[in-house]
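K.L.:
For reference, the structure I am asking about is given below.
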Amino acid sequence: MAARTVTPRYRLAVASRLVAALAGGYGVAALVAIAGAWALPMRRIDAATAGLIAAMLALPMAAMGCFWARSATRAWAGILVFAALFGGIAVAGGWRP
Amino acid sequence: MKPGFRPSMTWLHDWSGLVIGWLLFAIALAGTLSVFREEIGDWARPEASCCVTDSVAAGTAAVRWLSVNAATSPTWYVQPADARSTTSYAVWSDPRAGYVQKWLDARSGSPERIRDTLGGDFFYRLHFELELPYPWGRILSASAALAMLLALLTGIVAHRRIFVDFFTFRPRKGQRSWLDAHNLLAVTALPFHLMIAFTGALTLAQLIMPWGLQSAYRGDQAALSRDLYPATLDRPAAGRAAPLAPIGPILAEAERRFGGGLLQFSVAHPGDAAAVVTVVRAEDARIGVQAETLSFDGPSGRLIAAHDEHRPAIATYDVLYGLHTARFAGVAIRWLYFVSGLALTAMIGAGLLLWTAKRRRHRDDVGIRFVERLNLGFVAGTPIAFAAFFLANRLLPTTLAHRSDWEVRAMFWTWGAILVFAALRAPRRCWRELLTLAAVMCAAIAVADIAAGIALSATWAVDAVAIVLAMLFAAAAVIVGRQQAPIRAMRRRVMA
């Protein structure tokens, strides 16, 4: 710990990842829930519940991904890719934001 | 943060674990006690008539009392006494006092002879509401559950050798010992830890992640609750008075159809021509929170709606929910939940201590001191505060006004005092003092029971657990004291 210098740049990068993990992760999870509700071939209440269960798994996984990514920029890129993916599935299923 | 999968996950594990660890420690300990919520309730209300295991009779007595004392409430909600709970639990709304909850005697249906206490329900509510206003406590608890899931998943990566190191324990080696203890406690019950974190987050998922359900139903709450609970009728009051049919035969009919016990029932619009009695099946045979529901017309007692849950995703959700609350569980499984819960609590505590032990050698700054003192206030303070709640139940006069509020106050004031004390004392000495206090408080619970001459079936279990915990805390205090001796000797040499 002591060997590494903590620069403002490093702090900013960590803060950026943190926002990506919390806000971005929550956004992706919400889109997973919506995509499940609209696109799963089940009764409405079943589809929405399955989406909800999947969303609760997606949130910690997205957060881990944001800290695993090689840089903060890549973390954000990953969030956008998955948001577009699940948002696209939801729209294809008939969801209109 | 270093690049690479394992270093980055270790970093995330250390920091997410630290930020949420103190809150999680208290939530985990409260949840562990909630496993025996009914039994702690029995212990806390020694005045209640013992051993009425007939839920139909207890439910009938409760309704008899409610129809005199809560006639104006739009709904009664009753959890009748059963083999586990000596009292029936009732909630209704009062025009003056708002929501009222009382524990009713199984025989008389009246709360009057029974001391005013929250009993085990205090820990149950604290576990997911944190004594904060709705919805903030629940949102915070759900976030803590998700953070715990994150800490567990990253922890498996960070301590990659946990399975290999399972049989390793190196006592009295400072950081290494805490690491070994942390790993041992994690691996022993890892499936339980993962399950309880995920299902815990799921129990509050509809609150923190409403977007799927809301968008699918376009915000139509009535349609959503109709689909979620198909047999729970939302019938508006007719405005015409009509006496409620005798509740006994309705409950007996429900029990016959369930082929098992009742968990709870509600009466909507009691005394109105549109009254509805809804009965939910107990989970003694199936894991699942709302497995089977029946609705009866209030004035005639006729069955008007029934629902047996077989829809795949809802049933899956209910099973996951049921795994968390463990209402399905028999005595043996309950003890397993309790012991696993203690292991989880201890793992969180060891992790918090490991955080400071790992960094102590490199630095001694404000941050470390802050963490060290909060560790004291939570890891040692929570058990002391919880013990204070049990003691307050036995020591406060039974005639005290707002007695249940005073029990809660006793617990929080104790906790506050410990946090202040821990902030002012030298940490090492403080550990020994607080662990000794925890041992004394736990032992005092058993002593208070013996002194009061209270002997119930729940008493021996609560007292036995209290005595075992007292011995563990006493042993921990002795070990901490022994570790201090060489440090003092070393300091003397340096000084001389």
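The values are calculated or read from the model by the stated rules, or taken from the named source; none is laboratory data. Please read these numbers as outputs of a predicted model, since none were measured by experiment. Cβ sites come from the backbone with ideal geometry, for glycine too, and all protein chains shown count toward neighbours. We work out accessible area using only protein heavy atoms, side chains counted, and drop any ligands, DNA or RNA first. Shrake-Rupley method; radii C 1.70, N 1.55, O 1.52, S 1.80 Å.
K.L.:
Within the P(r) computed for the stretch B:117-172, what percentage of the Cα pairs occupies the region above 17 Å? If you can, show how the numbers build up before the last one.
P.N.:
Numbers: 923 of 1540 pairs.
Summing the P(r) tail past 17 Å for the stretch B:117-172 gives 60 percent.
K.L.:
Then there is this: Amide H to amide H under 5 Å from B:Ile304: which residues, 5+ apart in sequence or cross-chain, H placed 1.01 Å off N in plane?
P.N.:
Residues meeting the criterion, in which the H sits 1.01 Å from N, are B:Ser295, B:Phe296, B:Asp297.
K.L.:
Of the heavy-atom accessible surface of the stretch A:21-93 (probe 1.4 angstrom), what whole percent is carbon and sulfur? Walk me through the numbers on the way to the answer.
P.N.:
Numbers: 2430 of 3200 Å².
Within the stretch A:21-93, the accessible surface is 76 percent carbon and sulfur.
K.L.:
Rounded if a/c is under 1.5, else prolate if a/b is larger than b/c, else oblate: which is the stretch B:396-474, with a ≥ b ≥ c the root eigenvalues of its Cα gyration tensor?
P.N.:
Details: a/c = 3.24, a/b = 1.32, b/c = 2.46.
Since a/c reaches 1.5 but b/c is at least a/b, the shape of the stretch B:396-474 is classed as oblate.
K.L.:
Now a separate question. Per residue in the stretch B:217-260, which ones lose no less than 40 Å² of accessible surface when going from chain alone to all protein chains (1.4 Å probe)?
P.N.:
B:Tyr217
K.L.:
Would you tell me the mean number of C-beta atoms belonging to other protein chains that fall within 10 Å of each C-beta in B:195-207, as a whole number?
P.N.:
On the way: counts 0, 0, 1, 4, 1, 0, 4, 4, 0, 1, 7, 3, 0.
Rounded to a whole number, the mean comes out at 2.
K.L.:
Counting only other chains, what is the mean number of Cβ atoms within 10 angstrom of the Cβ of each residue in peptide A:57-64? Before the final figure, lay out the partial values.
P.N.:
Values: counts 4, 1, 8, 13, 3, 0, 8, 9.
Mean shielding count: 6.
K.L.:
Shifting gears a bit: Where only protein heavy atoms count, and the probe is 1.4 Å, what is the accessible area per residue for the stretch A:21-93 in Å²? Before the final figure, lay out the partial values.
P.N.:
On the way: 3200 Å² over 73 residues.
Averaged over the residues of the stretch A:21-93, the accessible area is 44 Å².
K.L.:
Here's another thing I want to ask about it. Once Rh is set to the Kirkwood radius over Cα pairs, what Stokes-Einstein translational diffusion coefficient, in µm²/s, holds for the stretch B:5-92 at a temperature of 10 °C and a viscosity of 1.306 mPa s?
P.N.:
Details: Rh = 16.3 Å.
Translational D for this selection: 97 µm²/s.
K.L.:
Along each of the three principal axes of the Cα atoms of the stretch B:72-176, give the extent in whole Å, ordering the values from largest to smallest.
P.N.:
Computed over the stretch B:72-176, the largest-to-smallest principal extents equal 62, 30, 22 Å.
K.L.:
How much of the accessible area of chain B, probe 1.4 Å, is carbon plus sulfur, in whole percent? Please report the intermediate quantities before stating the final value.
P.N.:
On the way: 14600 of 22500 Å².
Carbon and sulfur together cover 65 percent of it.
K.L.:
Show me B:252-258, B:451-457, A:7-13 ranked by packing, highest mean number of other Cβ atoms within 10 Å first. List each step's numbers first, then the result.
P.N.:
Values: B:252-258: 18.0, B:451-457: 12.1, A:7-13: 10.4.
Descending mean neighbour count gives B:252-258, B:451-457, A:7-13.
K.L.:
Under 14 Å Cα-Cα from B:Lys2, which aspartates and glutamates qualify once same-chain neighbours fewer than 8 residues away are excluded?
P.N.:
B:Asp14
K.L.:
In addition: Give me a comma-separated list of calculated 3J(HN,Hα) values for the stretch B:159-170, in order, Karplus coefficients 6.51, -1.76, 1.60 applied at θ = phi - 60°, integers in Hz, x for any Gly or Pro.
P.N.:
Karplus-based 3J(HN,Hα) across the stretch B:159-170 equals 9, 5, 8, 4, 6, 5, 7, 3, 8, 9, 9, 10 Hz.
K.L.:
Can you work out ³J(HN,Hα) from phi for every residue in the stretch B:298-308, in order, using Karplus 6.51 cos²θ - 1.76 cosθ + 1.60 and θ = phi - 60°, giving whole Hz and x for Gly and Pro?
P.N.:
Going residue by residue, I get x, x, 9, x, 7, 6, 10, 7, 9, 9, 10 Hz, with x marking Gly and Pro.
K.L.:
Could you tell me the convex hull volume per residue, in Å³, taken over the Cα atoms of the stretch A:21-93?
P.N.:
On the way: hull volume 4.6 nm³, N = 73.
For the stretch A:21-93, the hull spanned by Cα atoms encloses 63 Å³ per residue.
K.L.:
Before we go on, tell me the buried accessible area for the B/A pair, both chains summed, 1.4 Å probe, in Å² to the nearest 100.
P.N.:
Working: alone 24090 and 6840 Å², together 27650 Å².
Counting protein atoms only, the buried area is about 3300 Å².
K.L.:
Which number do you get for Rg(Cα) / (2.2 N^0.38 Å) in chain B?
P.N.:
Values: Rg = 25.1 Å, N = 496, 2.2 N^0.38 = 23.3 Å.
With N residues counted in chain B, Rg over 2.2 N^0.38 Å equals 1.08.
K.L.:
Which whole-number value in Å² is the accessible area per residue of chain B, probe 1.4 Å?
P.N.:
On the way: 22500 Å² over 496 residues.
Averaged over the residues of chain B, the accessible area is 45 Å².
K.L.:
Okay, helix-only estimate at 222 nm for the protein assembly as shown: each DSSP H run of n ≥ 4 adds -39500 (n - 2.57), divide by all residues, round to 500 deg cm²/dmol; what do you get?
P.N.:
Working: 22 runs with 373 residues, N = 593.
That calculation yields -21000 deg cm²/dmol at 222 nm.
K.L.:
Given H placed on each backbone N at 1.01 Å, which residues far from B:Ala282 in sequence or on other chains put an amide H within less than 5 Å of it?
P.N.:
B:Gly261, B:Leu262, B:Leu263
K.L.:
Now a separate question. Over the alpha carbons of the protein assembly as shown, what is the largest minus smallest coordinate on each principal axis, giving the biggest first in Å?
P.N.:
The principal-axis extents, from largest down, are 88, 70, 43 Å.
K.L.:
Could I ask something else about it? Among the residues of the stretch B:152-192, which ones have their accessible area go down by 20 Å² or more when all the protein chains sit together, as opposed to their chain alone (1.4 Å probe)?
P.N.:
Listed in order, they are B:Leu153.
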